[in-house]
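*Asks:* Okay, handing you the structure first.
The values are calculated or read from the model by the stated rules, or taken from the named source; none is laboratory data. Just so it is clear, the model here is predicted, and its values are computed rather than measured. Cβ placement follows ideal geometry from the backbone for every residue including glycine, while neighbour counts extend to all protein chains displayed. Please note that ligands, DNA and RNA were not included when accessible areas were found on the heavy atoms of the full protein model with its side chains. Shrake-Rupley method; radii C 1.70, N 1.55, O 1.52, S 1.80 Å.
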Amino acid sequence: MADDLNLALEAALAGSAVALRHFAALAELPRELKKDGSVVTAADRAVEDRIREVLTEARPGDAILGEEHGETLGTEGRRWIIDPIDGTHLFVEGDDRWLVLIALEDHGEITVGVAAVPAQGRIWWAVRGGGAFEAVVRGTEIVDEQRIHVADGPTPALADTRLGVVPHWGREPFTALFEAADEREWPLQPALLVARGDLDLSLQTGGQIWDFAATSLIVTEAGGYYRGLDGRTVPGPGAALSGRDADVVAAAFGALA
């Protein structure tokens, strides 16, 4: 498992380096729209290409699923899941909150998750059963590693629950939750803020498995709880909640009922 984590970290740093080169030259970066209306750029594809290169060289028998290039089949019952630039709309606006996300799914279970925030020089990771961690990235080095944990103490009332929401569109079905909870602005992806104890609850209003695979493991290994709005407790398509505990998530579901 340690080798898989080290590989995921290596791939995330390699992809981050490619992304940062494009981020430094945004004026020259063409933007396109996918069929679903989301933005995609050459940077998204280049980052995924680099991550795939690192993973394939080390694990040629593993499958790879990426947002931009689809799925390459494997033979080992293992699948790497990549979101090369999570938050491309932030990326193209020069906002530093975008991420590089990599997860490993082993026989149907997410076992490794890495979330890098390259423009802020930070990285998070988790291994199933091994806890969640945050560190600083300096060049190609990961330093100042520290274990993270969700907020402790009594579960807050919903009105006092610190809520982060991403993205800012697709909010209409969730108005009751926004009115009931204490919604906050977020300097980092809200699920990561839940994992480090700075928020109590995160709502992602939509997404695919690559949006959730890494962060769901980081949250749960930090002591938190992940649940799709369809009831699933494993990452998949649709909206999802990440909370400091099951009671916070249950209260959010109650507000939405």
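*Asks:* Thr56 - would you say it is open to solvent by 10 Å² or more (accessible area, probe 1.4 Å), of a type outside the set (D, E, K, R) and at pLDDT below 95? Write out each step before concluding.
*Replies:* Numbers: open to solvent by 10 Å² or more (accessible area, probe 1.4 Å): yes; of a type outside the set (D, E, K, R): yes; at pLDDT below 95: no.
Considered against the rule, which asks whether it is open to solvent by 10 Å² or more (accessible area, probe 1.4 Å), of a type outside the set (D, E, K, R) and at pLDDT below 95, Thr56 comes out as no.
*Asks:* Just one of Ala191, Ala213, Ala180, Ala195 is over 18 Å from the mean Cα position of the chain (by Cα) and not basic (Lys, Arg); which is it? Can you show your working first?
*Replies:* Details: Ala191 fails: over 18 Å from the mean Cα position of the chain (by Cα); Ala213 fails: over 18 Å from the mean Cα position of the chain (by Cα); Ala195 fails: over 18 Å from the mean Cα position of the chain (by Cα).
Answer to the selection: Ala180.
*Asks:* Further question: What residue, among those in the stretch 131-150 that are in contact (Cβ under 8 Å) with a residue 40 or more places away in the chain and open to solvent by 20 Å² or more (accessible area, probe 1.4 Å), is farthest from Glu10 (Cα to Cα)? Give the derivation first.
*Replies:* Quick first cut of the stretch 131-150, residues in contact (Cβ under 8 Å) with a residue 40 or more places away in the chain only: 131-132, 134, 137, 140, 142, 148-150.
With the extra rule that they be open to solvent by 20 Å² or more (accessible area, probe 1.4 Å), the set shrinks to 137, 140, 142, 149.
On the way: Val137: 12, Thr140: 9, Ile142: 10, His149: 24 Å.
The selected residue is His149.
*Asks:* Another question, if that's okay. Select from the stretch 91-119 the residues that are more than 15 Å from Gly15 (Cβ to Cβ), more than 14 Å from the chain's Cα centre (by Cα) and not in a strand (DSSP E or B) and list them in ascending order.
*Replies:* Val92, Glu93, Gly94, Asp95, Asp96, His107, Gly108
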